[in-house]
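Worksheet: one structure, shown below.
The values are calculated or read from the model by the stated rules, or taken from the named source; none is laboratory data. Quick caveat, the model's predicted, so the values are computed rather than measured. Here the Cβ is made from the backbone with ideal geometry for all residues, glycine too, and neighbour counts use every protein chain on show. Heads up: the accessible areas ignore ligands, DNA and RNA and are worked out on the full protein's heavy atoms, side chains in. Shrake-Rupley method; radii C 1.70, N 1.55, O 1.52, S 1.80 Å.
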Amino acid sequence: MIYQNTLEFAQAQDNNDHLNCYKEQFHQPAIDSEDVLYFAGHSLGLQPKTVRAAIELELDTWAQLGVDGYFSGDTPWVSCCELLTPAIARLVGAKESEVVCMNTLTTNLHLLFASFYRPTKQRYKIICEDSIFPTDRYVLETQARFHGFDPNEVIIEVAPRKGEHLIQEEDILAAITKHGEETAIVFFGGVNYLTGQFFDLNILTKAAHDVGAYAGFDLAHAVGNLPLKLHAWNVDFAAWCSYKYLNGGPANIAGIFINEKHFELPRLGGWWGNDKETRFNMEKHFSPMASAEGWQLSNASVIGVSMLKASLDIFDQVGIDNLREKSINLTGYLEFIINEVIWDRYPIKPLQIITPKEVEQRGCQLSVKLIDTNYNVFNMLSQAGVIIDFRKPDIIRIAPVPLYNSFQDIFYFGEQLRRVLY
Ligand SMILES: *Cc1c(COP(=O)(O)O)cnc(C)c1O
C-alpha cells in the first residue's frame, strides 16, 4: 500500500475499510469529554459495549435463581467456561480439547511449569529471551529455586547483539544447540512485550524438540493480535491473558494450551479438573479429564466468563485473518507516519522504531526508542490525550488495534507527534 500523510488519505482508508464499523462497538475513553487517541490495547483492550448487558444477565440469574444458576438458566454456570473454548481454539489454532480458560496468566504459568518443568541433574536449563516480561522471569527464578536449582545456572538468556535491539533467530537456535541435552524448556514470549518482535514459534519448537526439550510460549501479546497455529506448530504448552488484545477486561480469566500429546502429564489438581461425570460425587481420588480442562482447579468467575464471551463473539464475527489483514496496513501506516514526521527533522533523529520492519516478525505494536529527545515527549503526548505507554529507560509502545483503531487515529497521532517534537 502506498501511504500518504494527509487527512484525506486516512479518511479514504477508513471509508474503504469494512472493519471500520467495529470501532463503534467499543467504548471510547475520553478526558474532559474529549475522545482520546487510544493506542494502549497492548496493556488493556477497550470495553465492548455488549459487556454490560452480559454482566447484568448473570446478576439477574444470581438474583433470581441463587445456587440453581449453576445448573439451570440459558448458560448454566457449571459449564459456562466451555462457551469460551471454540473461539479461543480458533484464535490460537488448537483443537478444542487443547485449550481451557482458567485463573490468571502468572498462576497458569506456574501450573504449566509444574507439569512441564521437572528438572533433573542432566536436564534443567530454561532458554528464554533476555527482555522477558518480569513476571515470567520471576516464574522461572522461583521454579528453579523451588526445585533446588540455582536460577543463574538454570536460566539461559538470549540477548540482542551489541548495538542491536532485536534478538536474531540464529542466536536463539545456536543457544538451543549449545545447551542441547541440558535444556528442559525453550520458553519465549510469542511477541516480545517490549520490542514487539514476533518469534517464529514453529522454528523454535522444532529446535527445542531436536534437543529433546519442550517448547512453551507466553502469548500475552500474541493472542488476538496475530493468527496462531499452536497445534500445527507442535507447540507443547502456552498461556496468555485475556485483557490485552482479547478485550476481556482488567485481570479477567486467562487461558492455556496443552498439546494433546501431554494430557497424561502429572499436574497440580483441583476438583474442576476432575472428570465432569464424577465431579459432584465427592469422591476421594482425583480422576482428571484427559484434556486441557483437566488442569482446571476451581470453578470460574461467572461474571468474568460473561465479559470475555462478549468480546470473543466479536472476534468470531470479524475473524482473526481479516483483523490481521487490516492490522498489517494500519501498523504499516503508523510506521510510515512516524518516519515521515522524524524525517522532517533530518539530520537529527529524535526517535527510532525498533520493532522489526518485516510484517511477519511483528504484530500491531510498534516500539519506539527515544534517542535525541527525552521522557518529556511521552508526557506531552499524554497531556494531548494520546494514550500510549512508556517503559524505562527510553521505549514508547504504540499499538494500533484493528478492531477499534482507525487510519484517522494514526493521522492525528502523527499531528501530535510533530507538535511535540518541533
Ligand atoms: C501482561 C503480561 C503478563 C501479566 O501477567 P498477569 O498474571 O496477568 O498479571 C505476564 N506476562 C506477559 C508476557 C505479559 O505481557
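Sorted largest first by accessible area at a 1.4 angstrom probe radius, with every protein chain in place, the residues 221, 147 fall in the order 147, 221. Only beta bridges with both residues in region 55-317 are counted; by DSSP, about 40 percent of them are antiparallel.
Skip the ligands, DNA and RNA, and give the accessible area per residue of region 55-317 with a 1.4 Å probe, whole Å². That works out to 42 Å² for each residue. Taking all protein chains as shown and a probe of 1.4 angstrom, residue 173 keeps an accessible surface of around 50 Å².
The order of 95, 369 by accessible area, most exposed first and with a 1.4 Å probe, is 95, 369.
Largest to smallest in accessible area, the residues 58, 264, 283 fall in the order 264, 283, 58 (1.4 Å probe, all protein chains included). Taking the accessible area of the chain, probe 1.4 Å, and keeping the other protein chains in place, the carbon and sulfur fraction comes to 52%. Seen from a random direction on average, the alpha-carbon convex hull of region 263-309 projects onto 3.8 square nanometres.
Taking 0.36 nm per residue of sequence separation and removing the Cα-Cα distance, the residue 346/residue 380 pair yields an extension gain of 10.1 nm.
Counted by Cβ distance under 10 Å from residue 89, the other residues give a net charge of 0, where Lys and Arg count +1 and Asp and Glu count -1. Evaluated at q = 0.13, 0.18, 0.26, 0.29 Å⁻¹, a Debye calculation over the C-alpha positions of region 301-356 (equal weights, vacuum) places log10 I(q)/I(0) at -0.57, -0.73, -0.99, -1.07. Rolling a 1.4 Å probe over the protein chains gives residue 326 an accessible area of about 10 Å².
Shape index of region 242-355: Rg/Rh, with Rg the Cα radius of gyration and Rh the Kirkwood radius from the inverse mean 1/r over Cα pairs, equals 1.22. Based on Cβ point charges of +1 for Lys and Arg and -1 for Asp and Glu, what charge dipole magnitude is obtained for region 221-306 about its Cα centre, in debye rounded to the nearest 20? With Lys and Arg at +1 and Asp and Glu at -1, about 220 debye.
Projecting the Cα atoms of 365, 5, 305 onto the charge dipole of the chain, computed from C-beta unit charges around the Cα centre, puts 365 farthest toward the positive end. Counted by Cβ distance under 11 Å from residue 133, the other residues give a net charge of -1, where Lys and Arg count +1 and Asp and Glu count -1.
Residues whose amide H lies under 5 Å from that of residue 214, counting only those 5 or more places away or on a different chain, are 185, 186; hydrogens are built 1.01 Å from N in the peptide plane.
Couplings 3J(HN,Hα) for region 151-157, derived from phi with the Karplus relation 6.51 cos²θ - 1.76 cosθ + 1.60 (θ = phi - 60°), are x, 5, 8, 7, 8, 10, 9 Hz, where x marks Gly and Pro.
Measuring only protein heavy atoms, the 1.4 Å probe finds residue 411 accessible over about 20 Å².
For region 55-317, the dipole from Cβ point charges (+1 on Lys and Arg, -1 on Asp and Glu) about the Cα centre works out to 480 debye, to the nearest 20. Screening the chain for DSSP H helices whose Cα atoms reach 27 Å or more along their own axis and whose mean Kyte hydropathy is at least 0.5 gives nothing. Each Lys and Arg adds +1 at its Cβ and each Asp and Glu adds -1 at its Cβ; summed about the Cα centre, region 1-155 shows a dipole of about 940 debye.
Applying 1/(1 + (r/R0)^6) with r as the Cβ-Cβ distance of residue 53 and residue 359 and R0 = 22 angstrom yields a FRET efficiency of 0.05.
Here the ratio of the Cα radius of gyration of the chain to 2.2 N^0.38 Å is 1.03.
Each stretch of four or more DSSP H residues adds -39500 (n - 2.57); spread over every residue of the chain, this sum gives -11000 deg cm²/dmol at 222 nm.
When a/c is below 1.5 the answer is rounded, else prolate if a/b is larger than b/c, else oblate, so apply that to region 144-183 with a ≥ b ≥ c taken from the square roots of the Cα gyration tensor eigenvalues. Because a/c hits 1.5 or more and a/b fails to exceed b/c, region 144-183 counts as oblate. With the charge dipole of the chain set up from +1 on Lys and Arg Cβ and -1 on Asp and Glu Cβ about the Cα centre, the Cα lying farthest toward the positive end among the listed residues 292, 18, 149 is that of 149.
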